[in-house]
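Have a look at the structure below before the remarks.
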């Protein structure tokens, strides 16, 4: 009986250690894909890291695009190395090569800690406290992953920590309900709000020959083009003189949407 409990405990530890390796492998893989794609594509909505880095460095007075590009390359390089080592650790782990998996995992941890340290320094430089909190939490989560991974490797049988049938059914019911709610919310949003990616926006008059356009969160270049076309059709007696956004110092912080103004004059 004791031997069987020992094997069961070891098996559970292996599942957790494998899950840790799987998580970090997928985490860095998706971060790399996000930088390769850049922005929104079919079945993928990522962040335009190129524009983000350029905006951050411009806010610090370094407006040359090459500065942001080099910084992005360094960040992507650290992420690639982290992914390679975590992927290698996962491969060795699946082959039951414990020593190799541990060594590769340690390298992945080191690159991950270095990555989040660099990001945190950048957050201090650019004054982004929200990103600083996020990267700090990931830094400590990385360290915790290593501690848990090693402790589970060194532990023997451990104590029985399985769930009984009632607990499993309760967890499954709660998880299922949350999945249904989340899925319903996603489909509802797609049905009622995703049109904002392409639909034109009505310009709101805010003064004499002055109109304001507020972009939705998902608005992009297509929305801008259709909005201008719609504005011209709705105001045939007016000619667009110029279009401007808020001054540069007010655009240094992140914003969920873009607001621009259309200045017009009456056609002769």
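Every number in this text was worked out from the coordinates using simple rules, so none of it is lab data. Given the structure is predicted, the values throughout are model-derived calculations rather than measurements. FYI the Cβ positions are ideal-geometry reconstructions off the backbone, even for glycines, and counts take in every protein chain you see.
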Let me have the relative contact order for the stretch 63-121, percent, based on Cα pairs under 8 Å that are six or more residues apart. 36 percent
When a footprinting reagent is the concern and you count Cβ atoms within 10 Å, what order do 242, 135 take, fewest first? 242, 135
So for the stretch 85-152, using the alpha carbon gyration tensor with a ≥ b ≥ c as root eigenvalues (a/c under 1.5 gives rounded; past that, a/b versus b/c decides prolate or oblate), I'd call it prolate
Once you have the Kirkwood Rh of the stretch 2-156 from its Cα pairs, apply Stokes-Einstein at 4 °C and 1.567 mPa s and quote D in µm²/s. 76 µm²/s
